[in-house]
Amino acid sequence: MSRRSVLCGVLVALAVPGGLAACSSGSTPSGTTTGGGTVPGGGATTPAGPPIIAALADVPDGGGLIAGNPANSKPLVLVRTGDVVKAYDATCPHQGTAVSPPENGVITCPNHGSTFNAADGAVTKGPATTGLKEVPVKVEAGQVVPA
Ligand code: FES
C-alpha cells in the first residue's frame, strides 16, 4: 500500500474537506458514470429521482412510441401532444398482443385489428371490447417519468 493510499484512507476516515478530491486524481475512477442520460441517476446532469420512461425529445409530437415501464418492465404506448404525454399499458385487452405506436390519433393492435383512440385509450373497433388502461405519467425536466 502506497503512502498516498494510506493518506487518502485517513482523509476519508476523517472526512477532511478537499481531501477527497485530492485522492480522486491519478487513481482508477470508481463510482463515477458517464453518458447514459436515460439511466436514472446515471449522470451528473440526471438527478436521482423517479425512473425515466423516455426522453420527451424521443417521443414524436403528434405521435408516440412504445417504451418499457420501469415499474414492471411491461410495454407502454406513449402518446405525445406538445409537451403533454399520456401513457397506456400497451397490452391489447383482447388477447394480450402489444399494440403499435399511434398513427394519426389511432393505436392499432396488429394481431386482430382492434383500434383505440390515442387521446383516451377507448376502443373504437373490436374485437377488443374494452379500451387501453391508462398509466399515469408526467413530463419532468424533459423526461417522461411515472406520475
Ligand atoms: S390481440 Fe389485439 S385485437 Fe386481438
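At a glance:
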| quantity | calculated |
| --- | --- |
| Total residues in the stretch 53-75, condition open to solvent by less than 50 Å² (accessible area, probe 1.4 Å) and more than 16 Å from the ligand (Cβ to nearest atom) | 11 |
| Residues of the stretch 92-107 that turn out to be without any contact (Cβ under 8 Å) to a residue 24 or more places away in the chain, within 9 Å of the ligand (Cβ to nearest atom) and surrounded by 13 or more Cβ atoms within 10 Å (Cβ to Cβ), as a count | 1 |
| Output for the stretch 130-147, where each listed residue is more than 29 Å from residue 114 (Cβ to Cβ) and in contact with a Ser or Thr (Cβ under 9 Å, 6 or more places away or on another chain) | 141, 143 |
| Failed item, numbered, when residue 83 is tested on (1) within 16 Å of the ligand (Cβ to nearest atom); (2) open to solvent by 80 Å² or more (accessible area, probe 1.4 Å); (3) of a type outside the set (Lys, Arg) | (1) |
| Criterion (open to solvent by 50 Å² or more (accessible area, probe 1.4 Å) and either closer than 21 Å to residue 62 by Cβ or away from the ligand (no atom under 16 Å from the Cβ) (or both)) met by exactly one of 124, 129, 115 | 124 |
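The values are calculated or read from the model by the stated rules, or taken from the named source; none is laboratory data. Keep in mind it's a predicted model, so treat the numbers as computed, not measured. Here Cβ is always computed from backbone atoms with ideal geometry, including for glycine, and neighbour counts include all displayed protein chains. For accessibility, only protein heavy atoms count, side chains too; no ligands or nucleic acids. Shrake-Rupley method; radii C 1.70, N 1.55, O 1.52, S 1.80 Å.
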